[in-house]
Amino acid sequence: MIKKGLTGYFEDFLKKEPIFVNKSVLQSNYHPIEIPHREGQMNQIAQTLAPALRNNKPSNLFIYGKTGTGKTVSVNHTADQMLGVAAQNGNKNLKVIYINCKLKKIADTEYRLIAQLSRELGKEIPITGLPTDEVYKIFFSALEEKRTTLILVLDEIDQLMKKTGDEILYNLTRINSELTNSQVSIIGISNDLIFADNLDPRVKSSLSEEEIIFPPYNALQIQDILKQRSSKAFKEGVLEPGVIEKCAAYAAREHGDARRALELLRVSAELAERNGRAKVSIHDIDDAEEKIERERVVDIVIAQPKQFQTTLYSILQVSAGQRGLISTGEVYEVYKKVCYKTGTRPLTQRRVSDIVAELDMLGIINAKVTSKGRYGRTREIELAINDSILNKTKKILEKDLDLNTEG
DNA sequence: GTCAATTCACATGAAAGAGACCACGGTCTAGTG
DNA sequence: CTAGACCGTGGTCTCTTTCATGTGAATTGACGA
């Protein structure tokens, strides 16, 4: 593009009426002032937490609900309100720590979680190198020093448990008996409704003194949320009629995920803006959905380690050669060949089997274990992405793995 | 035809190793007064 | 004498291997009608 064209483009861009007034309202880290359709749940949370204002230990609380049902926002909002009241009344001994256990390298192991907690309390902890019980000691002493009522919000706690077992929770629930000046109560947030059933019964009973379930939003509720946010995010009349309804319908189809609905709306508007249109139309939503999905897959694929990429590439190869379902064995055979070509040492089938399972978790493939009777038992693998995304993925993989297309 | 045993092709679990990263304490070394 | 470099030890973490055990239904083969 020539220079003049570029300046022209920028000038045009400025001249155009912006679609967004405040885009951040639609982003996932935005904290809304009002949370529609969650009044009941927030009241329950408030009731549970209220004793903390008098420096009594609140009951432990367990919150269930699928993604995008407003769990995290509701908890944070309620906690903020409570902290506000506490501050007004001069109560400085109340502290809320929010930790998302899914964040890699931050809180996804026992050591890291406790280390992160200690950091929140103002202690310097190295990212590795110390024995775990040493970190516990530091955490304990920090707590004792502070003389606080600590409310610990552990988001996506199921992920942590899956990785590390329930020992951490056991330690944390016992913590109060060892503290004299401080007290800790735990709010666990889980996406997985049946997760608590696999916990140690002792942990389970002490952790779920109170339980709240966040049901999925229905389409109408999502519409309310979208309307409320879009009134702040967009200029009046930017959205064509039916846009909000369609976004809501898409998201409601996906177990009432409000986060997804908001993302869809934001990306739709971005697309409209980029194409120089002043209004967001229904068609933008379809494009947006495609774009979100494509970027999600591409991001995942790029972020994977070599072995994952190799495995995925093998799956792509096999599935290109035949229609229908693929078995682990077939994938492994191709995988070994691919490894030979790229000069990497192949992993054992055991490991590849795990990788396939993980790719399934990431939603790039669908893998279901089925028994074929006399002919054994295997995962039936199929790709969970459409053709255009698939081709793009394949190119990325070939580039990353240094493969040429032929063969 | 019926029913239990067999069998396949992996899945799934547990344990343990390799290698990267890191903290800590002790020892060595070079620079300083 | 002291600050900083350098080492060994012991810890975590991730990825992986090894060994062991589990599993669901098509197939088989014995059995009886």
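Numbers at a glance
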| quantity | calculated |
| --- | --- |
| Matching entry among A:LEU179, A:LEU160, A:LEU172 (being within 30 Å of A:GLU144 (Cα to Cα), touching a residue at least 24 places away in the same chain (Cβ under 8 Å), over 21 Å from the mean Cα position of the chain (by Cα) and assigned by TED's automatic domain parsing to the domain that holds A:TYR136) | A:LEU179 |
| Considering residues of the stretch A:96-132 that are in contact with a Ser or Thr (Cβ under 6 Å, 6 or more places away or on another chain) and assigned to a loop (DSSP other than H, G, I, E, B) only, the residue surrounded by the fewest Cβ atoms within 10 Å (Cβ to Cβ) | A:THR109 |
| Tally of residues being within 16 Å of DNA strand C (Cβ to nearest atom) and surrounded by 16 or more Cβ atoms within 10 Å (Cβ to Cβ) across the stretch A:373-396 | 2 |
| Within the stretch A:354-372, tally of residues that are within 12 Å of DNA strand C (Cβ to nearest atom) and in a loop (DSSP other than H, G, I, E, B) | 1 |
| Pair list, Cβ under 9 Å, 6 or more apart: the stretch A:344-355 residue farther than 13 Å from A:GLN309 by Cα, other residue near DNA strand B (Cβ under 9 Å from one of its atoms) and part of a helix (DSSP H, G or I) | A:GLN349/A:THR328; A:GLN349/A:GLY329; A:GLN349/A:TYR332; A:SER353/A:THR328; A:SER353/A:TYR332 |
| In the stretch A:319-339, the residues that are touching a residue at least 24 places away in the same chain (Cβ under 8 Å), assigned to a helix (DSSP H, G or I) and within 13 Å of DNA strand B (Cβ to nearest atom) | A:THR328, A:GLY329, A:VAL331, A:TYR335 |
| Residue list for the stretch A:185-203, filter: surrounded by fewer than 22 Cβ atoms within 10 Å (Cβ to Cβ) and closer than 24 Å to A:VAL73 by Cα | A:ASN191, A:ASP192, A:LEU193, A:ILE194, A:PHE195, A:ALA196 |
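The values are calculated or read from the model by the stated rules, or taken from the named source; none is laboratory data. Owing to the predicted nature of the structure, the values given are computational and were not obtained by experimental measurement. Cβ sites come from the backbone with ideal geometry, for glycine too, and all protein chains shown count toward neighbours.
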